[in-house]
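One structure below.
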Amino acid sequence: EAQVTQNPRYLITVTGKKLTVTCSQNMNHEYMSWYRQDPGLGLRQIYYSMNVEVTDKGDVPEGYKVSRKEKRNFPLILESPSPNQTSLYFCASSFTTSGEQYFGPGTRLTVT
Amino acid sequence: AQKITQTQPGMFVQEKEAVTLDCTYDTSDQSYGLFWYKQPSSGEMIFLIYQGSYDEQNATEGRYSLNFQKARKSANLVISASQLGDSAMYFCAMRDTGSGGSNYKLTFGKGTLLTVNP
């Protein structure tokens, strides 16, 4: 089954404790992206990747890192999480930048 | 200025009636794409419909159609024959090159919460 998977689905952590949210797709998509969703703000792009080893900042990259060492994986790293990073995070992928983006199920992160 | 504007925070429609969700956009690109996504209360993001800037015909997908008016920079979603299962948040999104770079970005509006009444 073609899909985008994210782990964990739910995470509660404390300020400053490094964490990684994994994202993997099995559709051989070149384009991958991370978004955060906050009430009243819609989805905002954090980082995106056009292909392996090619990443770029989205609209809200501060406090986040990404890597794209393999085509299928695009982990999101929070080196020192803060409470303002409490949010619902989505990973998405598409075959090209112009194509439909397939979304993962979301990761609900709470930073206390 | 917002790149994607959805002016209707919430909309109500009677079951079996049609409803239009508004979306206006702002870009200086000649080539861009417009998307609509549905997010039910369960949280997943479901792709509904896509319109390319060079497409001359309005996109349609089953009960969904996109009313694309390029000169007015609007891309309204029309849902015909509403069903109770259509109750959800709907997001309009645009793919363009952002601030003049060569990479493409997807920018979302803030969404419209649609409630279908029986």
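The values are calculated or read from the model by the stated rules, or taken from the named source; none is laboratory data. Just so we're clear, the structure is a prediction, and the values are computed from it rather than from any experiment. Note that each Cβ is placed from the backbone with ideal geometry, even for glycine, and that neighbours are counted across all protein chains shown.
Has segment B:85-101 got at least one residue that is out of contact with any helix residue (DSSP H, G or I) (no Cβ under 6 Å at 6 or more places or on another chain), of a type in the set (S, T, N, Q) and either away from chain A (no Cβ under 11 Å) or buried (at least 19 other Cβ atoms within 10 Å of the Cβ) (or both)? Yes, because at least one residue in segment B:85-101 is out of contact with any helix residue (DSSP H, G or I) (no Cβ under 6 Å at 6 or more places or on another chain), of a type in the set (S, T, N, Q) and either away from chain A (no Cβ under 11 Å) or buried (at least 19 other Cβ atoms within 10 Å of the Cβ) (or both).
Would you confirm, using the coordinates I've provided, whether residue A:49 is within 11 Å of chain B (Cβ to nearest Cβ) and under 19 Å from residue A:9 (Cβ atoms)? Considered against the rule, which asks whether it is within 11 Å of chain B (Cβ to nearest Cβ) and under 19 Å from residue A:9 (Cβ atoms), residue A:49 comes out as no. The residues on offer are A:112, A:86, A:107, and the sole one that is of a type in the set (Val, Ile, Thr), loosely packed, with under 15 Cβ neighbours inside 10 Å, more than 9 Å from chain B (Cβ to nearest Cβ) and over 17 Å from residue B:107 (Cα atoms) is A:112. If you check residue B:16 against the conditions, is it on the phi > 0 side of the Ramachandran plot and in contact (Cβ under 8 Å) with a residue 24 or more places away in the chain? Here the answer is yes, as residue B:16 does meet what is asked. Against the conditions (1) of a type in the set (A, V, I, L, M); (2) crowded, with 19+ Cβ neighbours inside 10 Å; (3) free of Cβ contacts under 8 Å to residues at least 60 places away in the same chain, residue A:32 satisfies every one except (3). Kindly check whether there is at least one residue in segment A:42-53 that is under 26 Å from residue B:9 (Cα atoms), among the polar types (S, T, N, Q) and in contact (Cβ under 8 Å) with a residue 60 or more places away in the chain. Within segment A:42-53, not a single residue is under 26 Å from residue B:9 (Cα atoms), among the polar types (S, T, N, Q) and in contact (Cβ under 8 Å) with a residue 60 or more places away in the chain. Go through the residues of segment A:58-81 one by one and say whether even a single one is surrounded by fewer than 21 Cβ atoms within 10 Å (Cβ to Cβ), touching a Gly at 6+ places or on another chain (Cβ under 6 Å), within 14 Å of chain B (Cβ to nearest Cβ) and of a type in the set (Gly, Ala, Ser). Within segment A:58-81 (the criterion being surrounded by fewer than 21 Cβ atoms within 10 Å (Cβ to Cβ), touching a Gly at 6+ places or on another chain (Cβ under 6 Å), within 14 Å of chain B (Cβ to nearest Cβ) and of a type in the set (Gly, Ala, Ser)), the answer is no, since none of the residues qualifies. Just so you know, in segment B:34-64 the residues that are among the hydroxyl-bearing types (Ser, Thr, Tyr) and within 12 Å of another protein chain (Cβ to nearest Cβ) include one that is nearest to the chain's Cα centre (by Cα), and it is B:37.
Here B:47, B:68 are screened, and the one residue that is farther than 24 Å from residue B:117 by Cα and either buried (at least 20 other Cβ atoms within 10 Å of the Cβ) or modelled with pLDDT of 90 or more (or both) is B:68.
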